[in-house]
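Novice: Handing you this structure, nothing more for now.
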Amino acid sequence: MMKYGVIGTGAIGGYYGARLAQSGQEVHFLLHQDYEYVKNYGLQVDSCDGSFHLDKPHVYDATEKMPPCDVVLVGLKTTNNHLLGRLLPPLLKQDTLVVLIQNGIGVEADVETMFPGLWLAAGLAFICSAKTQPGRVSNQRHGQINLGNYSCPREELVQQVCDDFCLAGVKARQVEYQEARWKKAVWNMPFNGMTVALNTQTDLLLKCDATRQLIREQMLEVIGAARHLGVQRIDDTFADKLISITEAMKPYSPSMKQDFDFHRPMEIGYLYSRPIEIAHQAGFEMPRLSMLEAELKFLNAPNR
């Protein structure tokens, strides 16, 4: 049995870490604002796949108090990745795998710069989840997680994490790293920013013919960038598939909309600026998403 650590026990890290703990895995959680609450009252998960409560999870208010782990799940917002230089070292062994369950393009490359030689994998979460109050995570829909190996020399270790998730009742599989990151961006880049810019939810964007068309055009920009960068198994039909899936969902506010509503910094860097820059350097422009990026930067400005 492997030892797991969770940095960022929120809507994402809290859900996946709690699932692993419920299944019998040894999981150690780093908490911040609700540390005392969870220490005293435990962690509650309300889920469409079955709710449960962890009475006495292993919780800490500093990584220096946590043991070294075999696998570290990072559920921080990418706006807090500058903290990893301080938070990660106490949890690392020579063969620790760090799974970045974060949105965007380029996160693994930057963390690798901070920690040369670190074993990294991308965690692509397909989930509608929110942290509704201290010690309480609400999973409204889905829950699958895909793992894309970025720099881990032991494929069997990445597969073991997938197997542990499956045993915990979470659908998980290994995927090709770059393809997975860009396919996730096909949904994230249009819907995250558009719900903020127009102050709405996913369903209303698709009910209006004009914004539905704009969403599709933005998706095609991401698909074009991905193909220009060498991703082969993606074409325009992927946009139509994602639109159909989103139409079947309940009205939803993506993570960026939730951050905006609660006056938290938005993850513009890795969700917009970085992929737009990478595409530009490769000779592919994303004009619609560049305009959306500019609007989001205006809305994110502290002096607005």
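The values are calculated or read from the model by the stated rules, or taken from the named source; none is laboratory data. Nothing here was measured: the structure is a model prediction, and the numbers come from that model. Positions of Cβ are generated from backbone atoms using ideal geometry, with glycine treated the same way; all protein chains shown enter the neighbour counts. Protein only, heavy atoms only, side chains kept; ligands, DNA and RNA dropped before computing areas. Shrake-Rupley method; radii C 1.70, N 1.55, O 1.52, S 1.80 Å.
Novice: Applying the selection to segment 182-226, what residues are closer than 21 Å to residue 274 by Cβ and among the polar types (S, T, N, Q)?
Specialist: 188, 192, 195, 218 - these are the residues of segment 182-226 that are closer than 21 Å to residue 274 by Cβ and among the polar types (S, T, N, Q).
Novice: When you look at residue 301, is it in contact (Cβ under 8 Å) with a residue 40 or more places away in the chain and open to solvent by less than 40 Å² (accessible area, probe 1.4 Å), yes or no?
Specialist: no
Novice: Could you count how many residues in segment 126-146 are loosely packed, with under 15 Cβ neighbours inside 10 Å and among the β-branched types (Val, Ile, Thr)?
Specialist: Residues in segment 126-146 being loosely packed, with under 15 Cβ neighbours inside 10 Å and among the β-branched types (Val, Ile, Thr): 1 in total.
Novice: Still on this structure, please answer the following. For the structure I just gave you, tell me whether residue 76 is buried (at least 17 other Cβ atoms within 10 Å of the Cβ) and part of a helix (DSSP H, G or I).
Specialist: The answer is no for residue 76.
Novice: Being in contact with a Phe, Trp or Tyr (Cβ under 6 Å, 6 or more places away or on another chain) and of a type outside the set (Lys, Arg) is true for just one of 229, 242, 214, 220. Which residue is that?
Specialist: Matching residue, one of 229, 242, 214, 220: 242.
Novice: Could you please find all residues in segment 170-189 being within 17 Å of residue 156 (Cβ to Cβ) and in contact with a Ser or Thr (Cβ under 8 Å, 6 or more places away or on another chain)?
Specialist: None - no residue of segment 170-189 is within 17 Å of residue 156 (Cβ to Cβ) and in contact with a Ser or Thr (Cβ under 8 Å, 6 or more places away or on another chain), so the list stays empty.
Novice: Ok, one more. Do we have any residue at all in segment 163-180 that's in contact with a Lys or Arg (Cβ under 8 Å, 6 or more places away or on another chain), modelled with pLDDT of 95 or more, within 27 Å of residue 48 (Cβ to Cβ) and surrounded by 22 or more Cβ atoms within 10 Å (Cβ to Cβ)?
Specialist: yes
Conditions (1) within 19 Å of residue 161 (Cα to Cα); (2) among the β-branched types (Val, Ile, Thr), marked per residue:
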position: 51; (1), (2): no, no
position: 58; (1), (2): no, no
position: 67; (1), (2): yes, no
position: 92; (1), (2): yes, no
position: 99; (1), (2): yes, yes
position: 106; (1), (2): no, no
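Novice: Now a separate question. Conditions first: (1) at pLDDT 95 or above; (2) open to solvent by less than 10 Å² (accessible area, probe 1.4 Å); (3) within 14 Å of residue 18 (Cα to Cα). Residue 58 passes all but one, so which condition is the exception?
Specialist: (2)
Novice: Only one residue in 278, 223 is open to solvent by less than 70 Å² (accessible area, probe 1.4 Å) and under 24 Å from residue 206 (Cα atoms), so which one is that?
Specialist: Sole residue among the options that is open to solvent by less than 70 Å² (accessible area, probe 1.4 Å) and under 24 Å from residue 206 (Cα atoms): 223.
Novice: Looking at segment 234-241, is at least one residue touching a helix residue (DSSP H, G or I) at 6+ places or on another chain (Cβ under 9 Å), under 13 Å from residue 182 (Cβ atoms), in a helix (DSSP H, G or I) and of a type outside the set (D, E, K, R)?
Specialist: Yes, segment 234-241 contains at least one residue that is touching a helix residue (DSSP H, G or I) at 6+ places or on another chain (Cβ under 9 Å), under 13 Å from residue 182 (Cβ atoms), in a helix (DSSP H, G or I) and of a type outside the set (D, E, K, R).
Novice: For segment 115-126, indicate whether the set of residues that are touching a residue at least 40 places away in the same chain (Cβ under 8 Å), part of a loop (DSSP other than H, G, I, E, B) and over 13 Å from the mean Cα position of the chain (by Cα) is non-empty.
Specialist: Within segment 115-126 (the criterion being touching a residue at least 40 places away in the same chain (Cβ under 8 Å), part of a loop (DSSP other than H, G, I, E, B) and over 13 Å from the mean Cα position of the chain (by Cα)), the answer is no, since none of the residues qualifies.
Novice: Pick out, from segment 142-215, the helices (runs of 4 or more DSSP H) lying fully within it that include 1 or more residues that are under 21 Å from residue 299 (Cβ atoms).
Specialist: Hits in segment 142-215: 177-197, 202-207.
Novice: Within segment 206-224, restricting attention to residues that are hydrophobic (A, V, I, L, M, F, W, C) and touching a Lys or Arg at 6+ places or on another chain (Cβ under 8 Å), which residue is nearest to residue 243 (Cα to Cα)?
Specialist: My answer is 206.
Novice: Restricting to segment 107-125, name every residue that is open to solvent by 10 Å² or more (accessible area, probe 1.4 Å) and either farther than 22 Å from residue 268 by Cβ or modelled with pLDDT of 95 or more (or both).
Specialist: Result: 109, 110, 112, 113, 114, 115, 116, 117, 118, 119.
Novice: So which residues in segment 92-112 are in a helix (DSSP H, G or I) and out of contact with any helix residue (DSSP H, G or I) (no Cβ under 6 Å at 6 or more places or on another chain)?
Specialist: The answer is 108, 109, 110, 111, 112.
Novice: Being without any contact (Cβ under 8 Å) to a residue 40 or more places away in the chain and under 20 Å from residue 3 (Cα atoms) is the filter here; which residues of segment 87-114 pass it?
Specialist: 89, 90, 92, 93, 94, 96, 98, 100
Novice: Kindly provide the set of residues from segment 204-220 that are open to solvent by 20 Å² or more (accessible area, probe 1.4 Å) and either closer than 17 Å to residue 186 by Cα or aliphatic (A, V, I, L, M) (or both), ordered by number.
Specialist: Hits for segment 204-220 are 204, 210, 211, 212, 213, 214, 216, 217, 220.
Novice: Enumerate the helices (runs of 4 or more DSSP H) found wholly within segment 242-304, keeping only those where 2 or more residues are modelled with pLDDT under 95.
Specialist: Here the list reads 255-261.
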